[in-house]
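The values are calculated or read from the model by the stated rules, or taken from the named source; none is laboratory data. Computed from a prediction, not measured in an experiment: that's the story for all the values here. Neighbour counts are summed over all protein chains in view; Cβ atoms, including those assigned to glycine, are modelled from backbone coordinates with ideal geometry.
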């Protein structure tokens, strides 16, 4: 089903008013956001067919990008850490992407390793509003707990779908209302609570346990955005994996009766008062009414290209310009300057407005380049294509004509594109802008794009066939054909999976693949 058919839905919500409270106000649990999030997680409402189909799409999507990253250094390091922590008592353990399916590890470490594999290439789903998010980051921790306890608690694929739907719902609702990046807090602070809530739904925990787990998960996953600034390191991939691991551990503690800092959001020394908008802040958080379907996953969108989401539309436009204006490719000297007019977020996060010289450095890390719109636009324009590995190779970045053109590309904020970025109308919300290419002969080429081709409102919206093709394309080098077909067949039956079958919801690398890389040595 194409994602575009799902945008007709408009969710009816209740609004939770969130503000800071003094300690002597003794804010009741019912008035606390964490309690209300726990109420969403405990709502027994079934998951609708459209949401179930999209959950399957995103499970396939996660596996696709994980397969493509199996032998990359950060993923190899995380996998080696996980394998050093074999299954503990209380369950059968969880699977690690790439490794033998029979080799189970502790669930929190599986969440860690698989979270890094999913996030390494910056290539899975996204939702952008007041803040940023990659809601597919909820899947590794929730799936790891499902695999660990499936046969002990009789968990099925249906339970996993329910847990994932909750994770998406809560993260996206938080992202719609509360900006973290404005105060340089990393977006994974919304992921810790959502993953904890999703695990709570999966396990059928009561509201008290989920409430405490959400509070602990938030408290332990607030960090600065320096992980996405300047010389960006591999921690960009590790950050959401860490949040998922903390969510698993928070749920474990809450199940044992341990409590959390309360009220975690609203306290006078809490997150809002000291990390976000301050003691006088207030927010309106949209949440589904009890009995209402959790459909927030339908508001999110995946990536066709391995790059920060706000670069997706620009890659598509650059490819089009490559085909439509071959004169641009004749000689870089023919181009005087390239100015990209776009939203405030795009300009200041991945554009020249970030004031990061690393974004123009051909020796910069891959993590830095996938957050450099000037680099991405330049390479996509010259190549007429984008590849998750080839487009980031050091020799590609250092090509003289690329460096010359790259340094002619700048971004500026355009108020109209900023307004559309923040629009709550899904039909108007946009992540693109206008490019003006000024030639040395005085002529100019001006084109614009609102959303990526793969976006639900784009030129070629992603449907199931696109997710399957993405998986086949990214996995063909790393998995045997039989393993590709086995995984797809299992994933497409997700809600029907038995407890025994959940352990197969992983990918196993081709013989010799993992042995082909050197494993780093650490403490474990």
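Counted as qualifying within the range 309-382 are the helices (runs of 4 or more DSSP H) with 1 or more residues that are modelled with pLDDT under 95, namely 344-349, 366-369. Scanning the range 258-272 for residues that are under 18 Å from residue 195 (Cβ atoms) and not in a loop (DSSP other than H, G, I, E, B) returns a single hit, 271.
Just name the residue that is farthest from the chain's Cα centre (by Cα) out of those in the range 295-308 that are assigned to a loop (DSSP other than H, G, I, E, B) and under 17 Å from residue 139 (Cα atoms). By that ranking, first place goes to 295.
Tell me which of these residue 123 doesn't satisfy, since it passes every other one: (1) crowded, with 23+ Cβ neighbours inside 10 Å; (2) under 24 Å from residue 285 (Cβ atoms). Unmet for residue 123, out of (1) crowded, with 23+ Cβ neighbours inside 10 Å; (2) under 24 Å from residue 285 (Cβ atoms): (2). Filtering the range 86-103 to residues that are closer than 18 Å to residue 514 by Cβ and free of Cβ contacts under 8 Å to residues at least 40 places away in the same chain leaves 86, 102, 103. Within the set 100, 131, 122, the sole residue that is at positive phi and assigned to a loop (DSSP other than H, G, I, E, B) turns out to be 122. Here is the figure for the range 273-294: residues that are within 18 Å of residue 169 (Cα to Cα) and outside any loop (DSSP other than H, G, I, E, B) total 6. Take the conditions (1) touching a helix residue (DSSP H, G or I) at 6+ places or on another chain (Cβ under 8 Å); (2) surrounded by fewer than 22 Cβ atoms within 10 Å (Cβ to Cβ); (3) under 27 Å from residue 440 (Cβ atoms); residue 400 misses just one of them, which is (1). Tally time: how many residues in the range 380-423 are in contact (Cβ under 8 Å) with a residue 60 or more places away in the chain and farther than 19 Å from residue 307 by Cα? The total comes to 11. What about residue 249, is it at pLDDT 95 or above and in contact with a helix residue (DSSP H, G or I) (Cβ under 9 Å, 6 or more places away or on another chain)? Yes: the conditions hold for residue 249. When the range 75-88 is limited to residues that are out of contact with any strand residue (DSSP E or B) (no Cβ under 8 Å at 6 or more places or on another chain) and closer than 13 Å to residue 521 by Cα, the one that is surrounded by the most Cβ atoms within 10 Å (Cβ to Cβ) turns out to be 78. When the range 455-466 is filtered for residues that are within 19 Å of residue 386 (Cβ to Cβ) and out of contact with any strand residue (DSSP E or B) (no Cβ under 7 Å at 6 or more places or on another chain), the ones remaining, listed by number, are 458, 459, 460, 461, 462, 466. Of all residues in the range 8-57, exactly one satisfies the criterion of being assigned to a loop (DSSP other than H, G, I, E, B), more than 23 Å from residue 211 (Cβ to Cβ) and in contact with a helix residue (DSSP H, G or I) (Cβ under 7 Å, 6 or more places away or on another chain), namely 9.
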